[in-house]
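**Q** Mind looking over this structure? Questions follow.
The values are calculated or read from the model by the stated rules, or taken from the named source; none is laboratory data. It should be emphasised that the depicted structure is a prediction, and the values quoted were computed from it without experimental measurement. Glycine gets a Cβ as well: all are built from the backbone with ideal geometry, and neighbour counts include every protein chain shown. The area values use the complete protein model at the heavy-atom level, side chains included, leaving out ligands, DNA and RNA. Shrake-Rupley method; radii C 1.70, N 1.55, O 1.52, S 1.80 Å.
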Amino acid sequence: MNRSNKKVTFYIAQAAVIAALYAALTYAASVFNLAYGSIQFRFSEALTVLAVFTPAAISGLTIGCLIGNLGSPFGILDIVLGTLATFLAAYFTYVTRKAGGKLGYAIAPVLSTVFNAVIIGIEIAVFLPEGISWAGFAISALQVGIGELAVCCVLGIPLRILLEKGGAAKRIFKV
């Protein structure tokens with residue numbers, strides 16, 4: 001196997017592991033009724049920080065979210081929009097990965113929070129009994145955003161620190 005094939009295989013393996021982790025953590029959160037709806041603490045969203053270390057996280061998180069959203073009560077809308085929100089969060093986290101210092105640690109949680117709050121806030125507002133409204137969107141977006149920010153800060157930032165400490169990220173992701 002030549003070097004190019006090894007790189008492709010390694011990329012696919014990383015993406016597959018990340019996808020499996022994301023989907024499994026989403027289904028674990030759903031057991032506690034925390035994965036879907038306006039109040040959610042999706043443990044899997046902490047994994048968006050992995051895009052700081054490898055572009056394979058973009059594919060892995062996107063596919064994992066799609067698989068995780070197959071269990072959503074919001075159906076195809078959540079499969080499409082939820083997956084889009086996670087893709088955008090992962091992609092822009094990867095694009096901004098070189099930001100250093102405190103800004104670097106804030107970017108992934110903020111990007112993930114903004115994309116999820118806006119996109120999922122719209123999605124949830126569509127299903128409100130009173131119909132879609134600005135107030136319904138604002139409340140849904142705020143609730144989703146608070147849960148997203150909490151998960152990304154409480155779990156995501158420590159995960160990033162753990163991976164950076166002692167060079168674990170370099171060994172795992174070959175960065």
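**Q** Would you tell me the accessible area of Thr9, worked out with a 1.4 angstrom probe on the heavy atoms of the protein chains, in Å² to the nearest 10?
**A** About 70 Å², ignoring ligands and nucleic acids.
**Q** Please arrange Ser30, Ser112, Ser4 by accessible surface area, largest first, computed with a 1.4 Å probe and ligands excluded.
**A** Values: Ser30 40, Ser112 0, Ser4 75 Å².
These residues rank, largest area first, as Ser4, Ser30, Ser112.
**Q** What does the charge add up to near Gly121, with Lys and Arg as +1, Asp and Glu as -1, over the other residues with Cβ less than 14 Å from its Cβ?
**A** Working: positive: none; negative: Asp78, Glu123, Glu148.
Around Gly121, the surrounding residues sum to -3.
**Q** Magnitude of the Cβ-charge dipole of the range 63-163, K/R +1 and D/E -1, about the Cα centre, nearest 20 debye?
**A** Details: 4 positive and 4 negative charges, 114 e Å.
The dipole of the range 63-163 has a size of about 540 debye.
**Q** Pairwise over distinct Cα atoms, reciprocal of the mean inverse distance: report the Kirkwood radius of the chain in Å, one decimal place. Before the final figure, lay out the partial values.
**A** On the way: mean 1/r = 0.0616 Å⁻¹.
Roughly 16.2 Å, rounded to one decimal.
**Q** Keeping every protein chain in place, order Cys153, Cys65 by accessible area at 1.4 Å, biggest value first, i.e. largest first.
**A** Details: Cys153 55, Cys65 0 Å².
In descending accessible area the options line up as Cys153, Cys65.
**Q** Also, quick follow-up: Short version: ³J(HN,Hα) in whole Hz for each residue of the range 89-96, in order, from phi by Karplus 6.51 cos²θ - 1.76 cosθ + 1.60 (θ = phi - 60°), x for Gly and Pro, what are they?
**A** 4, 5, 4, 6, 5, 4, 4, 9
**Q** Apply the Karplus curve 6.51 cos²θ - 1.76 cosθ + 1.60, θ = phi - 60°, to the phi angles in the range 101-116 and return the couplings in whole Hz, x for Gly and Pro.
**A** Going residue by residue, I get x, 5, 4, x, 6, 8, 4, 4, x, 5, 4, 4, 5, 5, 4, 5 Hz, with x marking Gly and Pro.
**Q** Charges on Cβ only, +1 for Lys and Arg, -1 for Asp and Glu, centred on the Cα centroid of the range 40-175; of Ala99, Gly147, Leu61, which one is farthest towards the dipole's positive end?
**A** With unit charges placed on the Cβ atoms, the residue in question is Ala99.
**Q** Once label points are set 7 Å from the Cα along Cα→Cβ at both Ile172 and Ala99, what is their separation, rounded to one decimal in nm?
**A** 2.2 nm
**Q** Further, regarding this structure: Val126 to Phe32: extension gain in nm, 0.36 nm per residue of separation minus the Cα-Cα distance? The partial results should precede the final answer.
**A** Values: separation 94, 0.36 × 94 = 33.84 nm, distance 2.38 nm.
Roughly 31.5 nm would be gained on extension.
**Q** Same structure, new question: Note the full-extension length gain between Thr9 and Ile76 as 0.36 nm times their separation in residues minus their Cα-Cα distance, in nm to one decimal. Intermediate values should be presented prior to the final figure.
**A** Details: separation 67, 0.36 × 67 = 24.12 nm, distance 3.08 nm.
Stretched out fully, the Thr9 to Ile76 stretch lengthens by 21.0 nm.
**Q** Now a separate question. Please report, in debye to the nearest 20, how large the charge dipole of the chain is about its Cα centre when each Lys and Arg carries +1 at its beta carbon and each Asp and Glu carries -1 there.
**A** Details: 12 positive and 6 negative charges, 242 e Å.
Value, rounded to 20: 1160 debye.
**Q** Per-residue HN-Hα couplings for the range 141-146, Karplus 6.51 cos²θ - 1.76 cosθ + 1.60 at θ = phi - 60°, whole Hz, x for Gly and Pro?
**A** Karplus-based 3J(HN,Hα) across the range 141-146 equals 4, 5, 5, 5, x, 5 Hz.
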